[in-house]
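The next block holds one structure in the form of structure tokens; read it before the comments.
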Amino acid sequence: MSNNIVRNTSAITVTNLNKTVVTQEGELTILNGINIEVKQGDSIAILGPSGSGKSTLLGLLAALDTPTTGEIVLDGVALSGLNEEQKAALRKQKVSFIFQSFMLVDTLTALENVMLPAELAGVKDAKQKAQAMLERVGLSHRLNHLPKQLSGGEQQRVAIARAFICEPKVLFADEPTGNLDSVNGDKIADMLFALNQESDTTLVLVTHDLHLAQRCARQLVMENGHLSEPAANQSNTTQAADGKVAEVS
Ligand SMILES: Nc1ncnc2c1ncn2[C@@H]1O[C@H](COP(=O)(O)OP(=O)(O)O)[C@@H](O)[C@H]1O
Ligand SMILES: [Mg+2]
């Protein structure tokens with residue numbers, strides 16, 4: 001993997017990214033000429049209508065999918081130079097992903113689902129850590145439930161606990177508060193930003209929740225496969241020392 005090391009301080013650098021798929025109706029361009037730079041410890045929200053390409057972009061950034069053309073450099077590693085095995089190793093080492101559809105393992109309990117990545121990473125006290133994480137998301141009374149025995153919001157909180165357990169360098173979350181009531185949504189947002197502050201975890205969130213988006217240092221808008229950063233974002237947003245957005249207009 002050493003050949004792919006690119007020295008910079010970016011968490012993510014995206015250059016001229018395109019994603020085209022072949023459908024029965026012909027070629028469909030999902031992402032068209034995306035460029036972004038995200039610094040380590042930054043927090044960005046990606047907004048935009050349904051079907052505009054947000055989830056596709058997140059999957060590419062997390063090395064879960066392959067672009068048609070363009071380059072992604074994740075924490076100094078150019079993804080184009082990696083085979084599937086190396087990409088899996090990179091994900092395990094640096095990335096967590098909260099999926100829109102949760103992707104919990106059906107046959108494992110809430111506790112076992114959260115323990116899984118910690119066990120794979122060789123963490124010794126995986127069970128205690130998983131228990132503590134489930135407590136933080138308010139699910140200590142649901143440790144032994146299977147996903148199908150949990151509500152949508154509870155499954156989402158299990159997925160969040162699972163994503164947090166290994167303190168990733170970059171956390172990708174696809175509508176992490178989409179199934180939560182406002183109290184639980186605020187609690188999860190507080191956890192996301194605590195992780196951002198305490199562990200310098202870079203956050204890349206896709207969200208329709210404007211309140212959550214405003215808490216991010218930057219807001220980007222996806223429209224029809226094009227990503228833009230509103231000018232107001234760049235000039236009027238000042239990031240305070242504590243990482244919170246002081247003013248967004
Ligand atoms: N593998 C695929 N094959 C065909 N169409 C796809 C595929 N993946 C995504 N799409 C289409 O691309 C568009 C963008 O999808 P997606 O990234 O999921 O959007 P968003 O997350 O913004 O709602 C949608 O119209 C979707 O139907
Ligand atoms: Mg989506």
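A short reminder: the numbers here are calculations on the coordinates, not readings from a lab. Remember, it's a predicted structure, so these values are computed and weren't measured experimentally. Virtual Cβ from ideal backbone geometry, glycine too; neighbours counted across all protein chains shown.
Among the listed pairs LYS87/LYS124; LYS87/LYS187; LYS87/LYS127; LYS92/LYS129; LYS39/LYS124; LYS124/LYS169, give every one whose C-alpha distance is greater than 22 Å.
Details: LYS87/LYS124 25 Å; LYS87/LYS187 32 Å; LYS87/LYS127 27 Å; LYS92/LYS129 18 Å; LYS39/LYS124 31 Å; LYS124/LYS169 20 Å.
Pairs exceeding 22 Å: LYS87/LYS124; LYS87/LYS187; LYS87/LYS127; LYS39/LYS124.
What list do you get for VAL221, VAL204 if you sort them by fewest beta carbons within 10 Å?
VAL221, VAL204
Along the stretch 116-121, what does the Karplus equation 6.51 cos²θ - 1.76 cosθ + 1.60 (θ = phi - 60°) give for ³J(HN,Hα), rounded to whole Hz, x for Gly and Pro?
3, x, 5, 5, 4, 7
Of the candidates GLU198, GLU175, GLU112, which one comes out as most mobile in a Gaussian network treatment of the chain with C-alpha springs shorter than 10 Å?
The residue that fluctuates most here is GLU198.
Given H placed 1.01 Å from N in the peptide plane, which residues other than close sequence neighbours of LYS169 have an amide H under 5 Å from its amide H?
Excluding prolines and chain starts, which carry no amide H, the hits are VAL95.
Which GluC sites (Glu not before Pro) in the stretch 8-70 pass both tests, a DSSP loop state and at most 10 other beta-carbon atoms within 10 Å? Let's see the in-between values first.
Working: sites: GLU25, GLU27, GLU37; in loops: GLU25.
Sites meeting the loop and neighbour criteria: GLU25.
Share of antiparallel DSSP beta bridges in the chain, in percent to the nearest 5? Mind showing how you got there, number by number?
On the way: 24 of 41 bridges.
Given both bridge residues lie in the chain, the antiparallel proportion sits at roughly 60 percent.
Taking amide H atoms as placed 1.01 Å from N in the peptide plane, list the residues 5 or more away in sequence, or in a different chain, whose amide H sits under 5 Å from that of ILE46.
Under 5 Å from the amide H of ILE46 lie the amide H atoms of LEU205, VAL206, THR207, LEU220, each far enough along the sequence or on another chain.
Please report, for the Cα atoms of the stretch 12-240, the Rg to one decimal and the Dmax as a whole number; what are they, in angstrom?
Considering the stretch 12-240 through its Cα atoms, Rg and Dmax are 17.5, 51 Å.
With +1 assigned to the C-beta of every Lys and Arg and -1 to the C-beta of every Asp and Glu, and no other charges, what is the dipole magnitude of the stretch 54-180 about the Cα centre in debye, to the nearest 20?
The dipole of the stretch 54-180 has a size of about 300 debye.
³J(HN,Hα) across the stretch 77-84 via Karplus (A = 6.51, B = -1.76, C = 1.60, θ = phi - 60°), whole Hz, x for Gly/Pro?
Going residue by residue, I get 10, 6, 5, 5, x, 9, 8, 4 Hz, with x marking Gly and Pro.
Can you compute 3J(HN,Hα) from phi for each residue in the stretch 189-203, using the Karplus curve 6.51 cos²θ - 1.76 cosθ + 1.60 with θ = phi - 60°, rounded to whole Hz and x for Gly and Pro?
So the J values, rounded to whole Hz, are 4, 4, 5, 4, 6, 5, 5, 4, 6, 6, 10, 6, 6, 6, 10.
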